[in-house]
Protein chains: 2
Amino acid sequence: MADGISERVRPRDRILETAQDMFHKHGIKGVGVDAITEAAGTNKMTLYRHFESKDDLIIECLRATACKAAAIWDAFEAEYPGDKLAQLHAWVRKASEMLANDSRGCDMANAAVELSETNHPARRVIKELKEAQRERLVNLCREAGVGQAELLADTLSLLLEGARVSLQSVGAEGPSAQFVRMAEGLIASFKAR
Amino acid sequence: MADGISERVRPRDRILETAQDMFHKHGIKGVGVDAITEAAGTNKMTLYRHFESKDDLIIECLRATACKAAAIWDAFEAEYPGDKLAQLHAWVRKASEMLANDSRGCDMANAAVELSETNHPARRVIKELKEAQRERLVNLCREAGVGQAELLADTLSLLLEGARVSLQSVGAEGPSAQFVRMAEGLIASFKAR
DNA sequence: CTAGGGTGTTACCGGTCTGTAACGTCACGA
DNA sequence: TCGTGACGTTACAGACCGGTAACACCCTAG
C-alpha cells in the first residue's frame, strides 16, 4: 500500500504516461482521448484542462518520449565514461534490444507516417527531435574516431529506422534480424579506413 | 477526345486507382470512403458493390501497388537482360528517384504502421508481399555474383526502408540524402569480398 | 422493344470522434 | 470556518465514420 507509483501521481502525468503507451501500441489515430483518460483513471475534462487539444497532447508525448531516449544516451556515457567507441557499441546493443522487445517501432517515425498533413504542428517537433538525435549520433561516431562520421551515423540511423519499420511489416524473421551484424560490420569497416 | 483514360474506365478501376493515390498521400485512416468515391467520380454504393468493406479495398490497393512494383522489377530485366549487376544498380537508381520524387514512403510499411491491430487482415498480405520483394532482391544480389547475397539484400532493404521513413520524419536533407552513396558503397564492398 | 444488370441518388443507421458546458465534490490552506 | 482550486461526472454538441436500404436511371444484349 501507498506504493507511490500510481496513487500519488498527478492526473496530468498519468495522462501523459498512459497516452505515450497507448499511442505507441495502437497508433495516434487508433486511440481516442476517452480511451486514454479511462486507462489513466481520470476523465476527459481533466485532460482538456491540462492540454489544449489532442494535437497538443501528441506533441507533449513526443517530447516526453524524446526525453526518455536522451536518458538512455546519458546512460551510455555513464556506463563507459569517455570511451566513445564502447558507447557506440552500447548504442548498437541497445538498439537490438529494442528490436527484440518491442515491435511497434519509433514513435516519432510512426507519428510522421500517421500525421500526413504537411502543416500538422507535430511535424515541426518530430523534425526537431529527430535532428537532435542525429546530431548526437554523429558526434558519437566522430568522437569514436571514425573518419566519415556523418556517413556512418546516417547509415546506422537509416539501418535502425529501416529495421524498426521492417519489424512491423515483415516481422522478426525479416531483414531486421541481421541488424547487429550489419551495424557492427559497418562500424568495423569505417574504423578500418 | 475519347481519350479513353478517365471516361471509359470502369468505376471499380477508378475507385481502386483513386484509393491507392489517396491512401498513399493521406494515409489509410486519414481518408474516408466517401472522399474516395467522390474523387473517383462515383458514389459509396458502387464502391460497396465491388468491395466487401474498406478493409477489403485496402487489401486490393496493396496488391495493386505490389503489382506496379513488380512491373518496375520487370523493367530492369528488360533494360539490362541477363546483366544482373546492372539491374542491381538500376534498382538503386530507381530507389533514389522514388526518394526524390515522393515523400510518403512505402504504402505497405505505412499501412503496417497504421494498422496496428495484430489480427488485421491486411497484415497477412503486407507480410506476403514484402517477403516476395525480399526474395526477389536476394535473388538479384545472388545472381549478380555477390557472396553474402542475403546479407547484402537485407542491408539494402533496410537502408531503403529507413530512407523512406526518414524522409517523412526528418525531411529530404536528412540521412536519406546519402542513400545512393551508402548503397553503392555496400555493393562495391560486398563485390570485393 | 424489352428485360436486366450496372450505376447513380438520397436518405438513413448506429457508432465514434474531439471538444465543451454545467455542476458536484473534495482537500487543503489561510 | 471559509473559500479556492483541482478534479470528477454527466450530458451534450457537431462532425465524421463505415455500411445499408430503397429506388430511379440508362445502356446494352437479346
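The values are calculated or read from the model by the stated rules, or taken from the named source; none is laboratory data. Every value quoted in this text rests on a predicted model; they were computed, and no experiment measured them. All Cβ positions, glycine included, derive from the backbone under ideal geometry; neighbour counts span all protein chains shown. Heads up: the accessible areas ignore ligands, DNA and RNA and are worked out on the full protein's heavy atoms, side chains in. Shrake-Rupley method; radii C 1.70, N 1.55, O 1.52, S 1.80 Å.
Name the one entry in B:A35, B:A39 that is within 16 Å of DNA strand C (Cβ to nearest atom), within 14 Å of chain A (Cβ to nearest Cβ) and either hydrophobic (A, V, I, L, M, F, W, C) or farther than 30 Å from B:E173 by Cα (or both). None of the others qualify; the one that does is B:A35. The set of residues in segment B:161-174 that are at the interface with chain A (Cβ under 7 Å from one of its Cβ atoms) and in contact with a Cys (Cβ under 9 Å, 6 or more places away or on another chain) comprises B:E161, B:V165, B:S169. In a residue-by-residue description of segment B:157-174, the property of being among the polar types (S, T, N, Q), closer than 23 Å to A:L152 by Cβ and outside any helix (DSSP H, G or I) applies to no position. When only residues in segment B:67-87 that are part of a helix (DSSP H, G or I) and surrounded by 15 or more Cβ atoms within 10 Å (Cβ to Cβ) count, which is farthest from DNA strand C (Cβ to nearest atom)? Residue satisfying both the conditions and the ranking: B:L85. For segment B:30-66, filtering for residues that are of a type in the set (G, A, S), in a helix (DSSP H, G or I) and either in contact (Cβ under 8 Å) with a residue 40 or more places away in the chain or open to solvent by less than 20 Å² (accessible area, probe 1.4 Å) (or both) leaves 2.
Restricting attention to segment B:80-112, the residues that are of a type in the set (D, E, K, R) and within 11 Å of another protein chain (Cβ to nearest Cβ) total 2. Open to solvent by 60 Å² or more (accessible area, probe 1.4 Å) and either facing another protein chain (nearest Cβ under 10 Å) or assigned to a loop (DSSP other than H, G, I, E, B) (or both): is that true of A:A177 in this structure? Taking the combined requirement at face value, the residue satisfies it. Close contacts from segment B:143-154, counting a first residue that is more than 10 Å from chain A (Cβ to nearest Cβ) and a second that is assigned to a loop (DSSP other than H, G, I, E, B) and open to solvent by 70 Å² or more (accessible area, probe 1.4 Å), with Cβ to Cβ under 6 Å and a gap of 6+ residues or different chains, come to B:G147/B:R193. For segment B:99-149, residues that are more than 12 Å from the chain's Cα centre (by Cα) and open to solvent by less than 30 Å² (accessible area, probe 1.4 Å) total 15.
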